Amino acid sequence: MKIFLGLITVGVLISIALSAWILLELESVKSDISVRNQEISSAMEDLKKLAASRPDARPASPTPARPQNVTVSIDDDPVKGDPKAPVTVIEFSDYQCPFCKRFYDQVLPSLENEYISKGKVRLVFRDYPLDFHKNALPAAIAANCAGEQGKYWEVHNFLFENPNKLDTASILSSTEELNLNRETLEKCVNDKTKEAEINKDFQEGQLYGVRGTPSFFVGKTDDNKNEMTGVYIRGAQPFQVFKAEIDKLLAEK
């Protein structure tokens, strides 16, 4: 019995000693963790200061803007207005693009009334059919083919005013309304010649920085060259944007 009680006493003493040792170790670990956290925080602050002091970590300077003036070919594309008008507006457009239609509906009438009809501005239309507009290319081909019958601008207007009739079949069914020879038009739209011309417009537009429609270039007419150097106006901007640029050019000697 005495032996048994002695063993229990020894066991209790060992348990107490072990518990005390564990508590001491835990306190030591906590203290060590606290020190490590302080060291990490200090190191992070040092890294932040170091990063801020490096030249390449300072805020980057704004990316230089692409030069505004771009030299753009007029090619042999349709011209609305006096060919000798002092200011040229070159439009890259897509017949199925809703923003191009917005320009046609809201801006072009003012341009025509204030500038084109008065011989101050000529508008050059270049095709830029986007590949995700399935009817943009057929519409562009039909308009160019209509140009061979002297009806380019009539078909141009028809296409923007009838966005549900951009496919070839609908355009062919409208030849009587448009005073076009259907047989001649049908033969032309099945020829790849016009498509090649439209692709040329598209590729040149990309070289000038065009990435969407509508896109415009506005500058002084050069009577001696089949090109124009002007500012790039991106998107269906309001009439006042065009007016400001045109008036500035007209005011220059």
Pair list, Cβ < 9 Å and 6+ apart or interchain, from the range 228-251 residues that are over 17 Å from residue 91 (Cα atoms) and in contact (Cβ under 8 Å) with a residue 60 or more places away in the chain to residues that are open to solvent by 20 Å² or more (accessible area, probe 1.4 Å) and assigned to a strand (DSSP E or B): 249/220
Within the range 178-199, considering residues that are at pLDDT below 95 and not in a helix (DSSP H, G or I), the one surrounded by the fewest Cβ atoms within 10 Å (Cβ to Cβ): 192
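Scanning for something part of a helix (DSSP H, G or I), open to solvent by 10 Å² or more (accessible area, probe 1.4 Å) and farther than 13 Å from residue 198 by Cβ, does the range 123-133 turn up at least one residue?
No: the range 123-133 contains no residue that is part of a helix (DSSP H, G or I), open to solvent by 10 Å² or more (accessible area, probe 1.4 Å) and farther than 13 Å from residue 198 by Cβ.
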Those residues of the range 200-229 which are farther than 17 Å from residue 80 by Cα and either more than 19 Å from the chain's Cα centre (by Cα) or surrounded by fewer than 16 Cβ atoms within 10 Å (Cβ to Cβ) (or both), in sequence order: 200, 203, 206, 207, 209, 211, 212, 224, 225, 229
Count of residues meeting criterion [more than 34 Å from the chain's Cα centre (by Cα) and surrounded by fewer than 17 Cβ atoms within 10 Å (Cβ to Cβ)] in the range 167-177: 3
So residue 164, is it surrounded by fewer than 17 Cβ atoms within 10 Å (Cβ to Cβ), part of a loop (DSSP other than H, G, I, E, B), of a type outside the set (Gly, Ala, Ser) and on the phi > 0 side of the Ramachandran plot: no
Some residue of the range 108-115 being within 20 Å of residue 203 (Cβ to Cβ) and more than 21 Å from the chain's Cα centre (by Cα): no
Which numbered condition residue 104 fails, given (1) under 16 Å from residue 236 (Cα atoms); (2) in a strand (DSSP E or B): (2)
The range 72-107, residues that are surrounded by fewer than 17 Cβ atoms within 10 Å (Cβ to Cβ) and at pLDDT below 95: 75, 76, 83, 84
Residues that are under 25 Å from the mean Cα position of the chain (by Cα) and either surrounded by 15 or more Cβ atoms within 10 Å (Cβ to Cβ) or not charged (D, E, K, R) (or both), drawn from the range 134-156: 135, 136, 137, 138, 139, 140, 141, 156
Inter-residue pairs, beta-carbon under 6 Å, first touching a residue at least 24 places away in the same chain (Cβ under 8 Å) and in the range 186-209, second basic (Lys, Arg) and surrounded by 17 or more Cβ atoms within 10 Å (Cβ to Cβ), 6+ apart: 201/126
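The values are calculated or read from the model by the stated rules, or taken from the named source; none is laboratory data. Since this is a predicted model, take the numbers as computed values, not measurements. We place every Cβ from the backbone using ideal geometry, glycine too, and count neighbours over all the protein chains shown. What goes into the accessible areas is simple: the full protein's heavy atoms, side chains included, and nothing from ligands, DNA or RNA. Shrake-Rupley method; radii C 1.70, N 1.55, O 1.52, S 1.80 Å.
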